[in-house]
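**Student:** Take this structure first; my questions come after.
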There are 2 protein chains.
Amino acid sequence: MSNFFKEALPFYKKLSKEEQKLIANNIYEKTFLKGTIIHSGSQDCTGLFLVEIGAVRAYILSEDGKEITLYRLLPRDICMFSASCVMNNISFDIFMETITDTVVHVIPPDIFKTLKNTSLPVADYISKLMASRVSDMVWVIEQVVFKSFDKRLAAFLLEMSAIEDSNTLATTHDQIAKNLGTAREVVSRMLKYFESNNLVELNRGVVRIIDTDALYNLSES
Amino acid sequence: MSNFFKEALPFYKKLSKEEQKLIANNIYEKTFLKGTIIHSGSQDCTGLFLVEIGAVRAYILSEDGKEITLYRLLPRDICMFSASCVMNNISFDIFMETITDTVVHVIPPDIFKTLKNTSLPVADYISKLMASRVSDMVWVIEQVVFKSFDKRLAAFLLEMSAIEDSNTLATTHDQIAKNLGTAREVVSRMLKYFESNNLVELNRGVVRIIDTDALYNLSES
């Protein structure tokens, strides 16, 4: 077990020795392969997740199976919705899937609950984290309501390229559609339009970015 | 000054006598006429709002003037984004407008900040409130991404009717469009469709609901 959590949990240093011990004795590490669903809705209460390696996407699901990505967790990011039984006022089902092979550290729900109810630094950190999640959600709303689809798709391709550190994205049009909350046909049409403008190159199951600058300008326009 | 805040602030009874006095000595009441913009973006830091009478809508604004409503504040609701200078990790500009004549109680930002940094009950309440705001945002995303416009419009008309306690809504198609983040033409077309199905009756600046049950069934379908 690495000591990564000691410097990665923003509130760790502000805790009492007993509280620190409570975490150190109970936190555990878990490794997931790419594409694993690690959290399924509000019934699922694994505990607080702290990402050490990899990337996770958090998304919601409609009754008819449509998805939209709400935010992504990267190394040092923390998610509390995976401890939804501990949180109040969470009235939605959130799902999480690993984008790459991922290592997380988990604080079990009962430990998290104890700290949340007795420690001001933890309570304060939770409200900060929640505020940044509200910001994430507002960003999604702005994207969906205010931004046209070509810009959203360009931004998404660049983001995935940064996460995977590659210009060659192994992804289907269906997967992209699920991230952006739209239909596969809409994605295919726009990707073909991008290809005809020499922004990307398409092959079966692969989107290769060939003009990063142009995609960037489009996403920011 | 009424003592409404003493029983309406969920954390009030859990505070020390000094903390209670700090609030009682500094909270003030403010009355706004319908249609007043009471908060304009993250530069604006009035303090924590507690609504006693009336209704407020919180919305975001695109560069080209499009709006979408994120949530509404009704009596006993509390908003902290109006104290955005005190909150961390808020990276968006939120606006608030009174829907009816409204009375709010305001805790000034410096008082709110002191309590937030020293009181566990306040810090815990903030994280709960933030969690319910995240839920509000997810609801908006679900509406916008997963629900077709006829259902959203039906739900909106019913909600306004409940808030104003009347079946006759004094509102323009443009105002409805701003609430729902769409174009006026889209609203006009759908309202005309509703009218042709005897769900509503349209007159200049007025939408009258004539079949509440049918609208309800549509919104839930």
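The values are calculated or read from the model by the stated rules, or taken from the named source; none is laboratory data. As the structure is a computational prediction, the values presented were derived from the model and not from experiment. Ideal geometry is used to build each Cβ from the backbone, glycine not excepted, and the neighbour counts take in all protein chains shown. Calculation scope for accessible area: heavy atoms of the full protein, side chains included, ligands and nucleic acids excluded. Shrake-Rupley method; radii C 1.70, N 1.55, O 1.52, S 1.80 Å.
**Student:** Let me have the relative contact order for segment A:47-199, percent, based on Cα pairs under 8 Å that are six or more residues apart.
**Tutor:** 26 percent
**Student:** Just want the answer: with Cβ charges of +1 for Lys and Arg and -1 for Asp and Glu, which residue in B:A183, B:N197, B:S148 is farthest toward the dipole's positive end in segment B:147-220?
**Tutor:** Projecting each Cα onto the dipole axis, the largest value belongs to B:A183.
**Student:** Another one. Where the centroid of each part is defined by its Cα atoms, how far is segment A:145-221 from segment A:89-104 in Å?
**Tutor:** Centre-to-centre distance over Cα atoms comes out at 23 Å.
**Student:** Oh, and also: Which residue, B:S148, B:S91, B:S42, has the most motion in a Gaussian network model of chain B that connects Cα atoms within less than 10 Å?
**Tutor:** Checking each option, the largest mean-square fluctuation is seen for B:S91.
**Student:** Ordered shortest first, which distances in nm separate the 7 Å Cα→C-beta label point of A:E159 from those of the other copies?
**Tutor:** Distances to the matching label points in the other copies: 2.4 nm.
**Student:** Where does each of B:D44, A:D213 land when they are ordered by accessible area, with a 1.4 Å probe and the largest first? Mind showing how you got there, number by number?
**Tutor:** Numbers: B:D44 50, A:D213 110 Å².
Largest to smallest exposure gives the sequence A:D213, B:D44.
**Student:** Any chance you could look up the accessible area of A:K6 with a 1.4 Å probe, heavy atoms only, rounded to 10 Å²?
**Tutor:** For A:K6, the solvent-accessible surface is approximately 80 Å².
**Student:** Sort A:L48, B:L158 by accessible area with a 1.4 Å probe, largest first.
**Tutor:** From most accessible down to least: B:L158, A:L48.
**Student:** At a temperature of 20 °C and a viscosity of 1.002 mPa s, determine how fast segment B:147-220 diffuses translationally according to Stokes-Einstein, using the Kirkwood radius over alpha-carbon pairs as Rh; express D in µm²/s, rounded to the nearest whole number.
**Tutor:** 180 µm²/s
**Student:** Also, I was wondering about something else. Between A:D211 and the same site in the other copies, what are the distances in nm, shortest first, taking label points 7 Å from Cα along the C-beta direction?
**Tutor:** 5.2
**Student:** Return P(r) of segment A:97-217 (all Cα-Cα pairs; 10 Å bins starting at 0; whole %; ordered from short to long distances).
**Tutor:** In order of increasing distance, the bins hold 11, 34, 26, 17, 10, 2 percent.
**Student:** Going through segment A:176-219, which trypsin sites (Lys or Arg not before Pro) have at most 12 other Cβ atoms within 10 Å and a DSSP loop state?
**Tutor:** A:R204
**Student:** Here's something else I'd like to know. Provide the solvent-accessible area of A:Y216, counting protein heavy atoms only and rolling a 1.4 Å probe, rounded to the nearest 10 Å².
**Tutor:** Rounded to the nearest 10, the figure is 120 Å².
**Student:** Run the count for segment B:15-163, please: Lys pairs, Cα-Cα under 21 angstrom, 8 or more apart or on different chains.
**Tutor:** Summing the qualifying lysine pairs gives 11.
**Student:** Computed on alpha carbon atoms, what radius of gyration and Dmax characterise the protein assembly as shown, expressed in Å?
**Tutor:** 23.5, 70
**Student:** Could you compute the FRET efficiency for A:L74 and A:S221, with r as their C-beta to C-beta distance and R0 at 22 Å, rounded to 0.05?
**Tutor:** Computed FRET efficiency for A:L74 and A:S221 comes out at 0.30.
**Student:** Grab the alpha carbons of chain A, take their convex hull, and tell me the volume per residue in Å³.
**Tutor:** Cα convex hull per residue, to the nearest whole number: 128 Å³.
**Student:** For chain B, modelled as a Gaussian network with Cα springs under 10 Å, which listed residue fluctuates most, B:D165, B:D77, B:D174?
**Tutor:** Largest GNM mean-square fluctuation: B:D165.
**Student:** Less than 15 Å from a label point 7 Å out along the Cα-to-Cβ axis of A:S16: which backbone N atoms in segment A:70-114 qualify, by residue?
**Tutor:** A:114
**Student:** Let me ask another. Name the GluC sites (Glu not before Pro) in segment B:103-202 that are in a loop by DSSP and that have at most 14 other C-beta atoms within 10 Å, would you?
**Tutor:** Nothing satisfies the criteria.
**Student:** Decide, for segment A:1-41, between rounded, prolate and oblate: order the square roots of the alpha carbon gyration tensor eigenvalues as a ≥ b ≥ c, take rounded if a/c falls under 1.5, and otherwise choose prolate if a/b is larger than b/c, else oblate.
**Tutor:** Prolate, because a/c is 1.5 or more and a/b exceeds b/c.
**Student:** Please give, to one decimal in nm, the separation of the simple spin-label points placed at B:R208 and A:A183, each 7 Å out from Cα toward the Cβ.
**Tutor:** Modelled inter-label distance: 3.9 nm.
**Student:** Starting from segment A:20-122, pick out the trypsin sites (Lys or Arg not before Pro) whose DSSP state is loop and whose Cβ has at most 13 other Cβ atoms within 10 Å.
**Tutor:** Taking segment A:20-122 and a limit of 13 other Cβ atoms within 10 Å, the loop trypsin sites (Lys or Arg not before Pro) found are A:K34, A:R76.
**Student:** Normalized C-alpha radius of gyration of segment A:27-97, against 2.2 N^0.38 Å?
**Tutor:** Segment A:27-97 yields a ratio of 1.07.
**Student:** Another one. At 1.4 Å probe size, what's the solvent-accessible area of B:L218? Round to the nearest 10 Å².
**Tutor:** 40 Å²
**Student:** Against the 2.2 N^0.38 Å scaling, with N counting residues, where does segment B:98-143 land? I'd like the Cα-based Rg ratio to two decimal places.
**Tutor:** Output field value: 1.51.
**Student:** Suppose only helical runs count, i.e. DSSP H with n ≥ 4. What mean residue ellipticity at 222 nm does that imply for chain B under -39500 (n - 2.57) per run, divided by all residues and rounded to the nearest 500 deg cm²/dmol? Before the final figure, lay out each step's value.
**Tutor:** Details: 8 runs with 98 residues, N = 221.
It lands at -14000 deg cm²/dmol.
**Student:** From the square roots a ≥ b ≥ c of the eigenvalues of the alpha-carbon gyration tensor of segment B:53-152, which class results: rounded (a/c under 1.5), prolate (a/b over b/c), or oblate?
**Tutor:** It comes out prolate by the Cα gyration axes.
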